[in-house]
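Report on the structure given below.
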Amino acid sequence: MGNILHSQADEQRQDILANLGANVRQIRRERGLSQAQLALDAGMSRRMLAAIEGGATNVSLSIVDRIAAALGVRFTRLVRSPEAEDSRRISALAWRGATADSRAELLGAAPGSRETEMWIWSLAAGEIYRSEDNSGDWQEMLLVLEGVLIVRFANGERRIDAGDYFVFSSAEGYHFANGGTGPLRFVRNVVL
């Protein structure tokens, strides 16, 4: 459950699930696709897609990636506010941990060879974020602002202290863990 998009109680931020549902429905209709066809193309059930379009279900980040690929759009196109004047500025809560001190907010995105995303993350003491095994093949750039970040891979781990950074390929599964006793804050850039 560590990589799930959640609806937000914070009214100052966009509700990422409502944005997702509205954007998927709009783009699907523009492309002339039925829910059944898009669900098939994205490798999910039509019932799940209907719930996503209705904003009635939590969904994993990898499912959003699959829907984006099936629609031929970027992840950020699906999660940003449809009324956004600046498509690079997103400011949407995309992941929430077990405590209020653990969260990931997608701040914005800029075009790269495909796209680059900038996130601000925080993890409470003892909190872990687990990526999915099929995370994708992109580059991640992490800069720790406060605390100690542990990035765990199948063959070991990397410790990153405040003020330090780390760049790696996300081709294999990984975990982010708070390696200290206090709060952890870090910037995560995803280069697609």
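Contact order, relative form, for the range 54-124: 20 percent (alpha carbon pairs under 8 Å, 6 or more residues apart, mean separation divided by residue count).
Calculate, in nm to one decimal, what residue 84 and residue 166 gain on full extension: separation in residues at 0.36 nm each, minus their alpha carbon distance.
Working: separation 82, 0.36 × 82 = 29.52 nm, distance 3.16 nm.
That pair, residue 84 and residue 166, stretches by 26.4 nm at full extension.
The alpha carbons of the chain give a radius of gyration and a Dmax of 16.5, 52 Å, in that order. Spin-label model, residue 125 to residue 18: label points 7 Å out along the Cα-to-beta-carbon direction sit 3.6 nm apart. Shown for 16, 27: other C-beta atoms within 10 Å of each C-beta, ranked fewest to most, produce the order 27, 16. Distance from the alpha carbon centroid of the range 159-178 to that of the range 29-63 works out to 31 angstrom.
Quick one: grab the alpha carbon gyration tensor of the range 95-138, order the square roots of its eigenvalues as a ≥ b ≥ c, and give me rounded if a/c is under 1.5, else prolate or oblate depending on whether a/b is larger than b/c. Oblate, since a/c reaches 1.5 and b/c is not below a/b. Counting only Cβ charges, +1 for Lys and Arg and -1 for Asp and Glu, the dipole size of the chain around its Cα centre is about 520 debye. Helix 16-30 axis versus longest C-alpha principal axis of the chain: approximately 40°, rounded to the nearest ten. Taking the Cα centre of the range 97-191 as origin and assigning +1 to Lys and Arg Cβ atoms and -1 to Asp and Glu Cβ atoms, the resulting dipole is close to 120 debye. Of the residues 108, 123, 48, the one whose Cα sits farthest toward the positive end of the charge dipole of the chain, with +1 on the Cβ of Lys and Arg and -1 on the Cβ of Asp and Glu, is 48.
Ranking 73, 37, 150 by how far each Cα lies toward the positive end of the dipole of the chain (charges on Cβ) leaves 37 at the top.
Annotation: the residues 121, 138, sorted from fewest to most other C-beta atoms within 10 Å of their own C-beta, follow the order 138, 121.
Shape class of the range 140-192 from the alpha-carbon gyration tensor: oblate, with a/c at 1.5 or above and b/c at least as large as a/b.
Read-outs throughout are calculated quantities, based only on the coordinates presented, and are distinct from any laboratory measurement. Everything numeric in this text was worked out from a predicted model, so none of it was measured. All Cβ positions, even for glycine, are placed from backbone atoms using ideal geometry, and neighbour counts span all protein chains on display.
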